[in-house]
Structures are given as C-alpha cells and as structure tokens.
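Report on the structure given below.
Any read-out appearing in this document is the output of simple, stated calculations on the displayed coordinates, not a laboratory observation. On a predicted model such as this, the values are computed, not experimentally measured, just so you know. Positions of Cβ are generated from backbone atoms using ideal geometry, with glycine treated the same way; all protein chains shown enter the neighbour counts.
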C-alpha cells in the first residue's frame, strides 16, 4: 500500500510548481522531497515529473495521478475533520454505575451542567451500592470508593482519597467500655456494610502501618451509610463510617471516635472502565468532567481529605495516561455554593 505522506508530498510539488516552493510550504527539506518523489516513481514504475534545472513539468500520467491523489487527500482531511468534530462535540451513550452517596452528594449538583454542555451525550446512571461487574454487565464506567482494585482488566483514574472513622455513641461506650486496643473490640456489637467476601472484619493500622484484623458479628447490615449513622446514634453498635457521615456528630458530641490513635483504611475515589474498549470521546469527556468536579466537591463536603496518603491506602495499581483538558468547565446550580 502506498504511503499517503508520499502522495501528499507529490501533490505539494505539483501545486507549488517546484521542489523549492514545495519545500518552503511544507517545511520538508528539498533533498528529502526529491528522494521521496523519485522513490514513488520507482515504486509505480512510471515517470510523474519531468525535471530540468529551471522547472518541473508534470507528465500526462502524472496529471491523472495527481487528480486521484488530490481526491484521496481531500477524503483523508474530511475523515480527520469527522474525528475532530467528535472530539469537540462527542455523541453517544454511556452506562455508569455509581454509589448512591456519590450520585446524591457529588454528582447531583453538577450533572445538569454536564448535560447542557454536552447535548450529544446520553447518560444512564445506575445509582447502586452493589459492586457491579463492569465488563460482564456492560457498563462503560463505574465509580468506586475502596482501597484496592482487584480486576487488572480495568483501567482506572483516581480522584482522591477519603478517610473512615470508627465511631460509637457515648451511651454505648459508657455501657460496654471504651476499648484501648483493637483486641478489645472483639465481642463488641457492630453495624456495617455487607463485604464482598462475606467476612465482617474491622481493619486497623498502627503508626508503622502494621495491620490488625478484628472479626465482628454485625447487629445490622446495610449498604446505605445514612442508615448506619442513625443506628450508631441510637447505640446499636460500633461502625466505620466515612468522615462526611459523622464529622458533625463527632463535633456535637453525639458520637465518639473509637481508638483515635489507630489509622483506618482510606478509600480511594476512582473510576474504572474497560481498558480494551479504549477511551471513546464521550467517555473521555465524562472522565474529564469527573476530574473537574469530584475532588473539590468531595473535599468541601468532607468526603475526601488532603495530605500524604499512607502506604496502606495506596491508590489502585495502574492509571491511564492523563487525559487532555476538556472544555466542559461547569457551574453548579445557582442555589449551590461555588466549590
């Protein structure tokens, strides 16, 4: 198959009437132009140009070849413009899985602006705390908050980290005692989300990063943090809650931090998507949108923290190359404070 670059160089020589003029217009050295056209003629087995010391003339067969080259180059340019237009105004559908809290608190203030800025993109957002099979269930992207990424077939883009607090009501601690070591948690009533492996375990880290795992028997299992928070306030049990669900209660004295000298796992807020499908223009635009709005909004509501990430809270294992900045700078609804 012929190299389109050689066809382009030949067309420029014809259009400009000489190798020198074509060299100035294209930035390609005159000697290289001459070599490429000579090689093109050898490959075709015909003479396309007649060269003299003063001018270049196109042979009759070269005129016919030039006409077809021009058509091919115009078609190639039209194809490039299609891609450029798709990048500027991407269109298509995205199926997204997102935890309920992230959908309600982080996405809700901004999603309308994204849709207005990208009228060609259709979104199907499945707000669920169930861990979906991204590839098996046909999702284009899933937002998650967890400390590890198990599936190496997924690409990932991280947006920050969020802290957990182990909390209980003062009344409960008054009745059962305040633990001084992780081992003292054994036998204490707990509430929590259903783990993916079915094992209800509290994991804590000392200052050296060494982990301690305490198994507990939950009195309440629920995937909704708001309900778990109410259970903690009612004295049902001890729980690990995201900071945004307990910071105000801790400040008011309605909850106490259990074992504050110990660290807890820090969930990484990230998006995962099938790496083999590639990043389509709509997906790229949505990822750029998430990178714009999630980190600052999450910090504002207390979902994410700043500072150095402990080794035990390292982000998922791999990240795709940074995506190009998008033109989707958004504004929240008027009744929302600017982040």
*asked:* With 10 angstrom as the radius, rank 225, 200, 159 by how many other C-beta atoms surround their C-beta, starting from the fewest.
replied: 200, 225, 159
*asked:* Suppose R0 equals 41 Å. What FRET efficiency, 1/(1 + (r/R0)^6) with r the Cβ-Cβ distance, do residue 20 and residue 280 give to the nearest 0.05?
replied: 0.40
*If you find the alpha carbon centre of the range 167-191 and of the range 26-65, how far apart are they in angstrom?*
86
_Förster radius 45 Å - calculated FRET efficiency between residue 57 and residue 84, Cβ distance, rounded to 0.05_ = 0.80
*Starting from the Cα-Cα distance between residue 257 and residue 296, subtract it from 0.36 nm times their residue separation and give me the gain in nm to one decimal.*
11.5 nm
*Full extension from residue 41 to residue 130: what is 0.36 nm times the residue separation minus their Cα-Cα distance, to one decimal in nm?*
25.7 nm
*Taking one equal scatterer on every alpha-carbon of the range 99-249, how large is log10 of I(q)/I(0) by Debye at q = 0.12, 0.15, 0.19 1/Å?*
-0.64, -0.93, -1.31
*Kindly put 266, 255 in sequence by how many other C-beta atoms sit within 10 Å of each C-beta, fewest to most.*
266, 255
*Say each of residue 100 and residue 8 gets a label point 7 Å from the Cα, pointing the same way as Cα to Cβ; how far apart are those two points in nm?*
5.5
*Based on the Cβ-Cβ distance from residue 64 to residue 93, what FRET efficiency comes out when R0 is 35 Å, to the nearest 0.05?*
0.15
*Cα gyration tensor shape for the range 164-257, rounded if a/c is under 1.5, else prolate or oblate*: rounded
